[in-house]
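Here's the structure we're looking at; comments come further down.
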Amino acid sequence: MAGSKVKQDMPPPGGYAAFDYKRNLPKRGLSGYSMFGIGIGIMVFGYWRLFSWNRERRRLQIEELEARIAMMPLLQAENDRRTLRMLRENLEEEAFIMKDVPGWKVGESVFHTDRWVTPMSEELFNLRPREEFLRKRFGFLWYV
Amino acid sequence: MRLGENFKICSTMPFVDLQSRLGINVDRWLLLQSGEQPNKRAARCHAFEKEWVECAHGIGQTRAKKECLVELEDFYECLHRQKTHQRLYAIRQQREKLIKEGKYTPPTHHTGETDQSP
């Protein structure tokens, strides 16, 4: 076969250039320990920030509670005035409405004692539209 | 006061009182509305219950049913408000009747139009 003049595809004169054929897996990047370290470091930093902000929130919450305690006499007095006013109005309306009903004692207490019994919302809002009563009872809920 | 101490002893088992012996509080905290409450908030019918218990304690059930009927009725009314609801219903019915007959118009503060300042 050698010596016959057939046109064959041969390498270029001088041969091909050298190339890597050996296995090449270089060590690169951080080591495992340092990756763990960075992760744990970020977590510790996060915890520290969380705890210090929670302490700050606790201080703010205590301040809000103190403000509530400081305002409580005023709010309680207003609430009491409102209750008494509504009871008075209800009493007068009841006296007018029930004046023809036989055997009805206006303002009669359902209890045998004459101690002050805190009136229920039903009693205060009896003669008002039902939405007001429902708003009083359920309007403060933040959830359904 | 002495009554509270008695209740620590005679809650469910008057002679054995297992819970005090073992130092546990399995159900003593929920037996009375007038007992110790969390955050020291009084129950709604605390006064009525206290009156009734003070009246009825230590005299036996037969006597208590006769002698403490007034306190028991008040306590029951506070819990269930049956008479209150009946009364309010009667007033409302009469008011509706009068409105239908045209003899009564509700005042402005009862119609929900004016603002509700105290």
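Remark: A:ARG82 falls outside the filter, which requires a residue to be open to solvent by 90 Å² or more (accessible area, probe 1.4 Å) and in a helix (DSSP H, G or I). Restricted to helices (runs of 4 or more DSSP H) entirely inside the stretch B:58-107, those with at least 3 residues that are more than 12 Å from chain A (Cβ to nearest Cβ), open to solvent by 70 Å² or more (accessible area, probe 1.4 Å) and free of Cβ contacts under 8 Å to residues at least 60 places away in the same chain are B:61-67.
Filtering the stretch B:8-50 to residues that are within 14 Å of chain A (Cβ to nearest Cβ), open to solvent by less than 80 Å² (accessible area, probe 1.4 Å) and either at pLDDT below 90 or part of a helix (DSSP H, G or I) (or both) leaves B:HIS46, B:ALA47, B:PHE48, B:GLU49.
Restricting attention to the stretch A:112-124, the residues that are facing another protein chain (nearest Cβ under 7 Å) and crowded, with 17+ Cβ neighbours inside 10 Å total 1. You will find that of A:LEU127, A:LEU141, A:LEU87, the residue that is within 28 Å of B:LEU79 (Cβ to Cβ), part of a loop (DSSP other than H, G, I, E, B), open to solvent by less than 100 Å² (accessible area, probe 1.4 Å) and away from chain B (no Cβ under 12 Å) is A:LEU141 and no other.
Restricting the stretch A:90-111 to residues that are touching a Gly at 6+ places or on another chain (Cβ under 8 Å) and more than 9 Å from chain B (Cβ to nearest Cβ) leaves a set whose member that is farthest from B:ARG44 (Cα to Cα) is A:ALA95.
Is the stretch A:52-75 home to any residue that is in a helix (DSSP H, G or I), out of contact with any strand residue (DSSP E or B) (no Cβ under 8 Å at 6 or more places or on another chain) and under 30 Å from B:ILE99 (Cα atoms)? Scanning the stretch A:52-75, I find no residue that is in a helix (DSSP H, G or I), out of contact with any strand residue (DSSP E or B) (no Cβ under 8 Å at 6 or more places or on another chain) and under 30 Å from B:ILE99 (Cα atoms), so the answer is no.
The values are calculated or read from the model by the stated rules, or taken from the named source; none is laboratory data. In this text the structure is predicted, and so the values were computed from the model without any measurement. All Cβ positions, glycine included, derive from the backbone under ideal geometry; neighbour counts span all protein chains shown. Note: accessible area is taken over every heavy atom of the protein model, side chains too, but ligands, DNA and RNA are not part of it. Shrake-Rupley method; radii C 1.70, N 1.55, O 1.52, S 1.80 Å.
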